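See structure below.
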Amino acid sequence: MSLENLKKECLGCRSCSLCESRSNVVFGVGRENAEVMFIGEGPGEQEDIQGEPFVGRAGQLLDDMLEMIDLDRSKVYIANIVKCRPPKNRDPLNIEQDACSHWLKEQLRLINPKIVVCLGRISAARFIKDDFKITREHGQWFIKDGLMVMAMYHPAALLRDSSKRPETFEDLVKLRQAIRDYCTDTY
Ligand code: URA
């Protein structure tokens, strides 16, 4: 199965009740064989309207963060834990995350990145460990199923609290170093 075919299937998904209120499924965007994959939480209003992840204010900041370390959307892949917008941007429920998880699993299998960056606590709790503490454990490397995984503050959290930005810059520098050490064709 190709990523394009997986996307076609995903666009018709009705595995949880988020399908009732969505305008668009937000599958993911970026390079098909990316070595670095970013995983957010779930689509917000703009993402639901446009069908692309991280296109609202938080997405603008994510683009700025990528640019700081010479990355852009064409060099990485960006996806979310849930592919449909939770009403009023509430946290996705466990039942919704469970129903959606097979799409992300397949995306990871097909893209086969070397490095995964979880954006925010919800993504890190799902991907790294249930009791992940974003304030204490952001910027640390974990190995999950042979992948290097790090969590950073979610860009929306950085918009709410700019005092977290210097720490996030340090995390980005660590990411850049890992890309230099372990990736062959990201830059
Ligand atoms: N927040 C997320 O976690 N994902 C998006 O795609 C947009 C905002």
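Computed from the coordinates by the stated procedures, all read-outs in this text should not be read as laboratory data. A quick note: this is a predicted structure, and the numbers were derived from the prediction, not measured. Positions of Cβ are backbone-derived with ideal geometry, glycine not excepted, and every protein chain shown enters the neighbour counts.
Largest first and in whole Å, what are the equivalent-ellipsoid semi-axes of the stretch 34-139 based on the Cα gyration tensor, each being the root of 5 times an eigenvalue? Mind dumping the intermediate values first?
Working: eigenvalues 74, 58, 45 Å².
Working from the Cα gyration tensor, I get semi-axes of 19, 17, 15 Å.
Inter-label distance, Glu137 to Arg160: 2.0 nm, where each label sits 7 Å from its Cα along the C-beta direction. What angle do you read, to the nearest 10 degrees and between 0 and 90, between the alpha-carbon axis of helix 165-182 and the longest principal axis of the chain? In the chain, helix 165-182 runs at an angle near 90 degrees to the longest axis.
With respect to the cross-link table entries Lys7/Lys88; Lys83/Lys164; Lys7/Lys75; Lys8/Lys83; Lys7/Lys133, which display a Cα-Cα separation exceeding 22 Å? Cα-Cα > 22 Å for Lys7/Lys88; Lys83/Lys164; Lys7/Lys133; rest within.
For the stretch 1-87, the alpha-carbon coordinates run over 38, 32, 17 Å along the three principal axes, in decreasing order. For the chain, relative contact order (Cα pairs under 8 Å, six or more residues apart, normalised by length) works out to 25 percent.
Across all Cα atoms of the chain, the radius of gyration (one decimal) and Dmax (whole number) stand at 15.3, 44 Å. Restricting the trypsin sites (Lys or Arg not before Pro) of the stretch 9-73 to loop positions (DSSP other than H, G, I, E, B) with no more than 14 neighbouring Cβ atoms within 10 Å leaves Arg14. The convex hull defined by the C-alpha atoms of the stretch 1-41 has an orientation-averaged projected area of 3.7 nm². Under 18 Å between alpha carbons, and skipping anything fewer than 8 positions from Lys105 in its own chain: which aspartates and glutamates qualify? The reachable aspartates and glutamates, counting only those whose Cα sits under 18 Å from Lys105, are Glu4, Glu9, Glu32, Glu35, Glu41, Glu96, Asp130, Asp145. Within 10 Å of each candidate Cβ there may be at most 13 other Cβ atoms; applying that plus a DSSP loop requirement, which GluC sites (Glu not before Pro) in the stretch 1-87 survive? In loop regions of the stretch 1-87 (DSSP not H, G, I, E or B), the sparsely surrounded GluC sites (Glu not before Pro) are Glu32. Eigenvalues of the alpha-carbon gyration tensor of the stretch 141-187, scaled by 5 and square-rooted, set the equivalent ellipsoid semi-axes at 23, 13, 8 angstrom, largest first. Ordering Ile111, Ala79, Phe132 by Cα displacement along the dipole of the chain toward the positive end leaves Phe132 in first place; charges were set at the Cβ atoms of Lys, Arg (+1) and Asp, Glu (-1).
When the chain is fully extended, how far beyond the present Cα-Cα distance does Arg180 get from Asn89, taking 0.36 nm per residue of separation? Write down the numbers at each step before the final one.
Working: separation 91, 0.36 × 91 = 32.76 nm, distance 3.56 nm.
Difference between extended and current length: 29.2 nm.
Compute the acute angle (0 to 90°) between the alpha-carbon long axis of helix 94-111 and the principal axis of greatest extent of the alpha-carbon atoms of the chain; round to the nearest 10°. Between the helix axis and the principal axis of the chain, the angle is about 60 degrees.
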